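Comments concern the structure below.
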Amino acid sequence: MLLTIRSLTKTFPGTKALDGVRFDLRAGEVHALLGENGAGKSTLIKCLTGAYRPDAGEIRLDGQPIAPRSTSEAQELGIGTVYQEVNLLPNLTVAQNLCFGREPRRFGMVSSREMKRMAQDMLSGYGIDVDVSRDLGTYSVAIQQIVAIARAVALSGKVLILDEPTASLDAREVEMLFDVVRGLRDRGLGIVFVTHFLDQVFALSDRITVLRNGCHIVTEDTAALDRVRLIEHMLGRALEDEVEHRAVDHGVAGPVKPEMLAFDAMSRRGVVEPFDLRIAKGEVVGLAGLLGSGRTESAELLFGIRGTTTGTARDEVGPVRIDSPRAAIAAGFGFAPEDRKTDGIVADLSIRENIALALQARRGWARPVSRTEQARLAETYIKRLDIRTSDAEKAVGELSGGNQQKVVLARWLAMNPRFLILDEPTRGIDVGAHAEILRLIHELTAEGMSLLVISSELDELIAVSDRVIVVRDRAHVAELTGADVTTETVVRAIADHGREEVA
Ligand SMILES: Nc1ncnc2c1ncn2[C@@H]1O[C@H](COP(=O)(O)OP(=O)(O)OP(=O)(O)O)[C@@H](O)[C@H]1O
Ligand SMILES: [Mg+2]
């Protein structure tokens, strides 16, 4: 056995994040580590990489007990990690990133020719075509992630840990990453793979370990587990039935009716082609399209992000000012962005304060949201979104990744907007909470909120949308309503090059 973990325990104030966990990793396997938000996956990994010191338990690598005290010590032992957010430096060249900390020197000077050669060596065998003297930031996230993997493998070489590596990749890029991972497995590395995408678990992993509430639940061969049993292990209960939804045609064609928002000729040169959008009260509009098609950019126009754009918004009363996010918020709009880590969280404020932020911004700072009201909001949303925490006063930075995302979502909901944009609302959120969020979307629309939802998970998008707009190559190319909203029609519209030219 390459790596064995026994009785691993780690406690934070008020939380037993790991409770006597065991875990084994063989050389030449991909071992998926799964569990709900807050189950303890990242904590286990941080104990392996030296970011956390366990309270008790044993970690053995090649039979020898180890107790890494820092990431670099773990790397020297042979354990490398790649996180979802690439931890490399975009403004340095690919070669500089790969050789960082161990630059080849000649007479005390860094030799750039030598470094280039070393970097090319490190990338050989990964099947990607990269100019190592270009800045890393000029490449796609997928390429950046492969560079990060190449660096981790070169530095460590025995164990590779991937903590949600695929969250911001499109389907083709995921395939590319998987090919790289399979190649490394065949070279005899042990790979730990953390993800919430169960399709990927079945596509890539050889074995699966499930954690729940900091405890080891099961370890089995992937081939011996089916999806339903796996989810039940994760949840600790039987799977509930999916929420029923029928797309409703809200009849947004024709003149702007009361309780309808209309956006006209929204565009930004070089970013999004002009489009109109109407959205009825209580309607859910889905934006479908590939990563980079212009989905997020379209949504940003509606919320006044990114400065000068053309286009106007109006409701039944008259024009609505949305030339900045502040104006949009004042108009009762909300936007929970995709990249919640950078756009959303104030890590050292409490859950209560984070949730109250958007409402405060909407009201203006002259009318503070009282502490009682904040507490009440926090209480409501901790329950509604099942945020796993001991209490509302905990700093958001101490929550697990998925629970931090729920807090950002809660913040926008607490503002009670009339129009809410949700960009990838279930990214990083576990299977149990997925269903909760879909249910919540239905409740909100029943209360009269209008929603624009962006999601790469088509099944989910179709499950919530009354109408789906397909974005391709920065233009809105198709619109499907009511009974036409099916996986097949949407997939066809996303893929169908040149259909609109023919029509
Ligand atoms: N630095 C910290 N301080 C306090 N509590 C923490 C800290 N890090 C993690 N925890 C707690 O430990 C538990 C396990 O968190 P962990 O991040 O390991 O979950 P996870 O399985 O990675 O979840 P996710 O899928 O949401 O990323 C959670 O209850 C979390 O709040
Ligand atoms: Mg995590």
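The values are calculated or read from the model by the stated rules, or taken from the named source; none is laboratory data. Because the structure is predicted, anything quoted here is derived from the model rather than measured. Glycine gets a Cβ as well: all are built from the backbone with ideal geometry, and neighbour counts include every protein chain shown. Accessible surface areas use protein heavy atoms only, side chains included; no ligands, DNA or RNA. Shrake-Rupley method; radii C 1.70, N 1.55, O 1.52, S 1.80 Å.
Has the stretch 433-442 got at least one residue that is within 11 Å of ligand 1 (Cβ to nearest atom) and either in the same structural domain as THR296 (by TED's automatic domain parsing) or within 16 Å of the chain's Cα centre (by Cα) (or both)? Scanning the stretch 433-442 turns up at least one residue that is within 11 Å of ligand 1 (Cβ to nearest atom) and either in the same structural domain as THR296 (by TED's automatic domain parsing) or within 16 Å of the chain's Cα centre (by Cα) (or both). Among the residues of the stretch 276-288, is there at least one that is outside any helix (DSSP H, G or I), of a type in the set (Asp, Glu) and either surrounded by fewer than 19 Cβ atoms within 10 Å (Cβ to Cβ) or not assigned by TED's automatic domain parsing to the domain that holds GLU457 (or both)? Scanning the stretch 276-288 turns up at least one residue that is outside any helix (DSSP H, G or I), of a type in the set (Asp, Glu) and either surrounded by fewer than 19 Cβ atoms within 10 Å (Cβ to Cβ) or not assigned by TED's automatic domain parsing to the domain that holds GLU457 (or both). Among the residues of the stretch 100-128, write down those that are among the hydrophobic types (A, V, I, L, M, F, W, C), more than 27 Å from ALA167 (Cβ to Cβ) and not in a strand (DSSP E or B). Hits for the stretch 100-128 are PHE107, MET115, MET118. For the stretch 396-426, filtered to residues that are within 16 Å of ligand 2 (Cβ to nearest atom) and not in a helix (DSSP H, G or I), the residue that is nearest to the chain's Cα centre (by Cα) is THR426. Candidates in the stretch 172-221 are the residues that are open to solvent by 40 Å² or more (accessible area, probe 1.4 Å) and among the basic types (Lys, Arg); of these, the one that is farthest from ILE128 (Cα to Cα) is ARG212.
Residues to consider are VAL141, VAL201, VAL192; find the one that is touching a residue at least 40 places away in the same chain (Cβ under 8 Å) and more than 18 Å from the chain's Cα centre (by Cα). One residue alone meets the criteria, VAL192.
Would you pick out the residues in the stretch 39-64 that are surrounded by 16 or more Cβ atoms within 10 Å (Cβ to Cβ) and either free of Cβ contacts under 8 Å to residues at least 12 places away in the same chain or farther than 19 Å from ALA74 by Cα (or both)?
Kept after step one, since they are surrounded by 16 or more Cβ atoms within 10 Å (Cβ to Cβ), are these residues of the stretch 39-64: 39-52, 54, 57, 59, 61.
Selection gives ALA39, GLY40, LYS46.
The one condition from (1) touching a helix residue (DSSP H, G or I) at 6+ places or on another chain (Cβ under 6 Å); (2) within 16 Å of ligand 1 (Cβ to nearest atom); (3) open to solvent by 10 Å² or more (accessible area, probe 1.4 Å) that LEU169 does not meet is (2). Here are some residues: ARG362, ARG376. Which one is assigned to a helix (DSSP H, G or I), open to solvent by 30 Å² or more (accessible area, probe 1.4 Å), modelled with pLDDT under 90 and out of contact with any Asp or Glu (no Cβ under 7 Å at 6 or more places or on another chain)? Of ARG362, ARG376, the one residue that is assigned to a helix (DSSP H, G or I), open to solvent by 30 Å² or more (accessible area, probe 1.4 Å), modelled with pLDDT under 90 and out of contact with any Asp or Glu (no Cβ under 7 Å at 6 or more places or on another chain) is ARG362. Tally up the residues in the stretch 387-427 that are surrounded by fewer than 19 Cβ atoms within 10 Å (Cβ to Cβ), without any contact (Cβ under 8 Å) to a residue 60 or more places away in the chain and within 12 Å of ligand 1 (Cβ to nearest atom), please. The qualifying residues number 2. Looking at the stretch 9-38, which of its residues are more than 29 Å from VAL180 (Cβ to Cβ), crowded, with 16+ Cβ neighbours inside 10 Å and in contact with a strand residue (DSSP E or B) (Cβ under 7 Å, 6 or more places away or on another chain)? Once the filter is applied, which keeps residues that are more than 29 Å from VAL180 (Cβ to Cβ), crowded, with 16+ Cβ neighbours inside 10 Å and in contact with a strand residue (DSSP E or B) (Cβ under 7 Å, 6 or more places away or on another chain), the stretch 9-38 yields THR9, LYS10, ALA17, LEU18, ASP19.
If you check VAL147, VAL141, VAL159, which single one turns out to be out of contact with any Ser or Thr (no Cβ under 7 Å at 6 or more places or on another chain) and either open to solvent by 30 Å² or more (accessible area, probe 1.4 Å) or under 28 Å from GLY38 (Cβ atoms) (or both)? Show your work before the answer.
Details: VAL147 fails: either open to solvent by 30 Å² or more (accessible area, probe 1.4 Å) or under 28 Å from GLY38 (Cβ atoms) (or both); VAL141 fails: out of contact with any Ser or Thr (no Cβ under 7 Å at 6 or more places or on another chain).
Being out of contact with any Ser or Thr (no Cβ under 7 Å at 6 or more places or on another chain) and either open to solvent by 30 Å² or more (accessible area, probe 1.4 Å) or under 28 Å from GLY38 (Cβ atoms) (or both) holds for just one of VAL147, VAL141, VAL159, which is VAL159.
The conditions are (1) closer than 23 Å to ARG411 by Cβ; (2) crowded, with 17+ Cβ neighbours inside 10 Å, and GLU273 fails exactly one of them. Which is it? (1) is the only condition that GLU273 fails.
Counting only residues that are more than 27 Å from ASP496 (Cβ to Cβ) and more than 27 Å from the chain's Cα centre (by Cα), the stretch 281-317 holds 10 of them.
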